[in-house]
Amino acid sequence: MPDPRFFSSRGPLSLAVLAELGDARLVRPDDGGRLIATVARGADAAAGALSYGVSRTELRRLAPSAGACITTDALVAEVPPGIPCLAAVNPRLAFARMANALYPDPPPAPAVSDRATVDPAAVLHPECRIEAGAVIGARVEIGAGAWVGCNTTIGPGVVIGARTRIDANVTVVCALVGADVRIHAGVRIGQAGFGLVMDGSAPGHERVPQLGRVRIEDRADIGANTCIDRGALGDTVIGEGAFLDNLVHVAHNVHVGSHAVLAGQTGIGGSSTVGAFTATGGQAGISDHVAVGARCEIGAQAGVTRDLDDGARVAGTPAVPIARYLRQAVVLGRLATRRGQAAGDAGS
Amino acid sequence: MPDPRFFSSRGPLSLAVLAELGDARLVRPDDGGRLIATVARGADAAAGALSYGVSRTELRRLAPSAGACITTDALVAEVPPGIPCLAAVNPRLAFARMANALYPDPPPAPAVSDRATVDPAAVLHPECRIEAGAVIGARVEIGAGAWVGCNTTIGPGVVIGARTRIDANVTVVCALVGADVRIHAGVRIGQAGFGLVMDGSAPGHERVPQLGRVRIEDRADIGANTCIDRGALGDTVIGEGAFLDNLVHVAHNVHVGSHAVLAGQTGIGGSSTVGAFTATGGQAGISDHVAVGARCEIGAQAGVTRDLDDGARVAGTPAVPIARYLRQAVVLGRLATRRGQAAGDAGS
Amino acid sequence: MPDPRFFSSRGPLSLAVLAELGDARLVRPDDGGRLIATVARGADAAAGALSYGVSRTELRRLAPSAGACITTDALVAEVPPGIPCLAAVNPRLAFARMANALYPDPPPAPAVSDRATVDPAAVLHPECRIEAGAVIGARVEIGAGAWVGCNTTIGPGVVIGARTRIDANVTVVCALVGADVRIHAGVRIGQAGFGLVMDGSAPGHERVPQLGRVRIEDRADIGANTCIDRGALGDTVIGEGAFLDNLVHVAHNVHVGSHAVLAGQTGIGGSSTVGAFTATGGQAGISDHVAVGARCEIGAQAGVTRDLDDGARVAGTPAVPIARYLRQAVVLGRLATRRGQAAGDAGS
């Protein structure tokens, strides 16, 4: 159950209301009047909490005191009889919507902290929130309902769209950020990219000027301590509704497609593109100047060094189609086993 | 020798006192009255500094002006004759304890900076230290001797235990932090995890509400810029005395066991568990929903995709037992060499 | 074209002046009086912007309104006739210099923000810039023209050289930073390294005191959210003109040679050395206590576990010479293909 120290329920809401919000069906319509105030995982479900389960095992673990349970039509019979039951095509999605209704992100209380430092030439919507320690540069524009967290730095000229929420200790420079974007703590956006060039006649590297921007489109979500460099010339772009996890590295002039999903510690080299709805596993890498298509799946720790067609599924370093990757692992395993046996090893 | 700009010796201490602190034996008891004020690496040992060596090579490099040297019983005879000598079962541990006695972490001078922003509903122990630029939210509780560094943000309701030290530019929200914990600069604790779900009928992903917490148990140590997401429901837990290095990624609902050691840039996927005393090498990855046992050793850059029994030692992606990993490398190397020779390569 | 919200041109400058700055040759000397105010990528070149191209394809895409174009002597004939043309040995370097002349990093306006917190015992050059929210500790020394960004924390005793620029939300402790260094947002320098030792007789690990420093030499460039730990005893060193990309992990007592280039998310284990001009690809790892020579090339995601001679070129985990790595990939691919065919797979 969410700790009331950190989360306040807006409930209780009736099961009828929740069912409608989650596009779910009440198995016994008579339960529609029951009130639900909170949510929980199945096994921990405190008295009266809403839970969900998508397997027999999960449903069997359900606490008898659970207030209600969402599952699929096929599994409805597995829910213990005393517990009100909702059926949904996608119980997890239904649960997410109902939980969001019970515990909505609190809207920011509009206020500019007197411990914030706001340049007189910044343009703040009267309904935005600027917290203590935030620094807002000249000519910054901040939209209605936007929220800039404590000790966050917004550089000159940056634009922040409506309802975008920026957490604490973030840095944003040289960037245009859309509406309903979520930027988690410690994110770095818009710093100069890694551009250097050698002069054969002198030791060392010269910096290539980094004169582009970052554009973050609406509804993108950027994980903690992730870094997105600005373009050298032109823009680095994070597409609409893209989700980047923590500690992701996005180099200059990268274009991440709409609704792409980059798992933790993924890295993308300069000028590469990632198509819409493409997903990477954790610690995956994409070399620079690579074009990855839409709806690709890139395995954890894969290293993509070549362009990928739409829908490609790859793994390994260098990345190869997943079927080939699995065959390689099998072949290598067999050869090693044979060698182990030849050497009289116990094998393992 | 530690630079006095940054470190102040509390010495000098006599060798007799130091020997007792480090559970070491003075080879010549007459040396017990000698005074030691500082520490150094063997070769750099400035006049009078305490050093240690665990190999003949290290002892041979010892500066003749060294004030004293810790080694093992077996190596005592290798220490140059003029240098007072201590023998210990674990010289490095003995050195660590003596060095900690000479250069203890300075206790925080209790003070709340007038440049900090403290919510009136926060509860600060009178003997804590809150530095300039720190922001302390409503209902935060901070224990005796705890230390919150400059420009650090502590969100509403967070609890910080006694003597816990949080460095500069850190963010902590939705978390309960134990006693004697060390949180290095730039750490992010308690932000919303990477929870998203697709609705087949609409483009894009919906956010799954992240309504859990982070619990950091006593004596844990969290490296710079590491990120620990809160649970979706329930807790993400860092066990007692666990050590996380820099830039580690810990996803929602992960449980890291007590005294586990996660090297730099390790990543752990959602809902996975890591047993007590398990250690990872740098850049290792553990997939989501994986149960890793206790006292496992996971090689650098390994990718663990399946559950591991207690004491497992694995390497590679996907991770396999280390013996098998080494055999695979040998087999592959031989095949490549054969091919290289067939092709008339120089081989390499 | 650089967005004037974020970048101000110091131009226009004549092509004659730009040619001299970039060590380029004006193909038609009569063009020397033409004025250039801005820069752009070839295809986007707004009217009058300077661009460059190093291939026929790039030159063919050049906007007809481009103000001038830099290319090689060999490609001069490929530049569309109406566009003034400069020839250079290294067009990218020439472009970088000209762009730097048109858009120089603005010098910091000397000022100490009254929202900064400066210890009375800090020594600030009158021509340095300290921004809002910055905290400067006791006995810190900051040189002429140095710039400390918003919400950055500089710990006691730290020295910052002339013209060094530190961006926002950075932490620097226990460090000596040279002149003309660039430290991007969110960098962590000088925190205690990952030093721990076990006591067989008690559970858990003890911290080894970390009593060293970080030295950053002149003209080094440190990417966003990168972490550089101080030495345990002695220094961690980043050599002159070294470039570290974002999210790099440098452990205690590492020495990074001058002009080394570490790509994003590279990690270097404790006490390892990296020679001058050595370059790593993204997500590469170097184990602890490894000596990597000068002018080595380490592939993306490689894992270096052994010493490397000067000029070595390696890839893979464990890293092997690149020729061998490629042969291994070919051999493995063939074996897998054979297996796929034997199994009647479609192959892929």
Legend entry - Matching entry among C:VAL112, C:VAL118, C:VAL27, C:VAL89 (being in contact (Cβ under 8 Å) with a residue 24 or more places away in the chain, of a type in the set (A, V, I, L, M, F, W, C) and surrounded by 15 or more Cβ atoms within 10 Å (Cβ to Cβ)): C:VAL27
Legend entry - Given (1) out of contact with any Ser or Thr (no Cβ under 8 Å at 6 or more places or on another chain); (2) touching a residue at least 60 places away in the same chain (Cβ under 8 Å), number of the condition A:ASN253 does not satisfy: (1)
Legend entry - Unmet criterion (only one of (1) of a type in the set (S, T, N, Q); (2) within 11 Å of chain B (Cβ to nearest Cβ); (3) surrounded by fewer than 22 Cβ atoms within 10 Å (Cβ to Cβ); (4) under 26 Å from C:VAL314 (Cβ atoms)) for A:THR337: (4)
Inset, instruction - State the number of residues belonging to the range A:198-225 that are facing chain C (nearest Cβ under 9 Å) and under 30 Å from B:ARG230 (Cβ atoms). - result: 1
Legend entry - Given (1) assigned to a helix (DSSP H, G or I); (2) buried (at least 18 other Cβ atoms within 10 Å of the Cβ), index of the condition C:ALA77 fails: (2)
Inset, instruction - Could you tell me whether any residue of the range B:247-254 is in the same structural domain as B:GLY299 (by TED's automatic domain parsing), surrounded by fewer than 24 Cβ atoms within 10 Å (Cβ to Cβ) and not hydrophobic (A, V, I, L, M, F, W, C)? - result: no
Legend entry - Unique residue being assigned by TED's automatic domain parsing to the domain that holds B:THR305, surrounded by fewer than 24 Cβ atoms within 10 Å (Cβ to Cβ), modelled with pLDDT of 95 or more and among the small types (Gly, Ala, Ser) when the list is B:GLY257, B:GLY269: B:GLY257
Inset, instruction - Just need a number here: residues in the range A:30-56 that are surrounded by fewer than 14 Cβ atoms within 10 Å (Cβ to Cβ) and within 14 Å of another protein chain (Cβ to nearest Cβ). - result: 1
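Yes/no per residue for (1) among the polar types (S, T, N, Q); (2) under 21 Å from B:PRO106 (Cβ atoms); (3) in the same structural domain as B:LEU244 (by TED's automatic domain parsing):
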{"position": "B:ARG163", "(1), (2), (3)": "no, yes, no"}
{"position": "B:ALA175", "(1), (2), (3)": "no, no, yes"}
{"position": "B:GLY178", "(1), (2), (3)": "no, no, yes"}
{"position": "B:HIS184", "(1), (2), (3)": "no, yes, yes"}
{"position": "B:GLY195", "(1), (2), (3)": "no, no, yes"}
{"position": "B:GLY200", "(1), (2), (3)": "no, no, yes"}
{"position": "B:ARG207", "(1), (2), (3)": "no, no, yes"}
{"position": "B:GLY212", "(1), (2), (3)": "no, no, yes"}
{"position": "B:ARG215", "(1), (2), (3)": "no, no, yes"}
Inset, instruction - Identify, from the list C:ALA242, C:ALA263, C:ALA251, the residue that is more than 7 Å from chain B (Cβ to nearest Cβ) and either closer than 26 Å to B:GLY285 by Cβ or over 14 Å from the mean Cα position of the chain (by Cα) (or both). - result: C:ALA263
Legend entry - Top-ranked residue in the range A:71-83 [being modelled with pLDDT under 95 and in contact with a helix residue (DSSP H, G or I) (Cβ under 7 Å, 6 or more places away or on another chain); ranked as farthest from the other protein chains (Cβ to nearest Cβ)]: A:GLU78
Inset, instruction - Report whether or not B:LEU18 is away from chain C (no Cβ under 13 Å), surrounded by 19 or more Cβ atoms within 10 Å (Cβ to Cβ), outside any loop (DSSP other than H, G, I, E, B) and at pLDDT 95 or above. - result: yes
Legend entry - Residue that is farthest from C:ALA192 (Cα to Cα) [pool: residues in the range B:3-15 that are part of a loop (DSSP other than H, G, I, E, B) and more than 9 Å from every other protein chain (Cβ to nearest Cβ)]: B:PRO12
Inset, instruction - Examine the range C:187-197 for a residue that is within 27 Å of A:LEU247 (Cα to Cα), in a strand (DSSP E or B), within 14 Å of chain A (Cβ to nearest Cβ) and among the basic types (Lys, Arg), and state whether such a residue exists. - result: yes
Inset, instruction - Select from the range C:121-151 the residues that are within 8 Å of chain B (Cβ to nearest Cβ), in a loop (DSSP other than H, G, I, E, B) and surrounded by 24 or more Cβ atoms within 10 Å (Cβ to Cβ) and list them in ascending order. - result: C:GLY133, C:ASN151
Legend entry - Single match in C:GLY133, C:GLY178 (criterion: over 23 Å from B:ALA101 (Cα atoms) and touching a residue at least 60 places away in the same chain (Cβ under 8 Å)): C:GLY178
Legend entry - Whichever residue in the range B:276-293 is away from every other protein chain (no Cβ under 12 Å) and surrounded by fewer than 23 Cβ atoms within 10 Å (Cβ to Cβ) and, among such residues, is nearest to B:GLY231 (Cα to Cα): B:HIS289
Legend entry - Whichever residue in the range B:111-120 is in a strand (DSSP E or B) and not small (Gly, Ala, Ser) and, among such residues, is farthest from the other protein chains (Cβ to nearest Cβ): B:VAL112
Inset, instruction - Count, please, the residues in the range A:294-320 that happen to be in contact with a Phe, Trp or Tyr (Cβ under 8 Å, 6 or more places away or on another chain) and within 11 Å of chain B (Cβ to nearest Cβ). - result: 3
Inset, instruction - Please state which of the following conditions C:VAL158 fails to meet, knowing it meets all the rest: (1) within 8 Å of chain B (Cβ to nearest Cβ); (2) more than 21 Å from the chain's Cα centre (by Cα). - result: (1)
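The values are calculated or read from the model by the stated rules, or taken from the named source; none is laboratory data. Being a predicted model, the structure only gives us computed values, none of them experimental. Methodologically, a virtual Cβ is constructed for each residue, glycine included, from the backbone with ideal geometry; neighbour enumeration extends over all protein chains shown.
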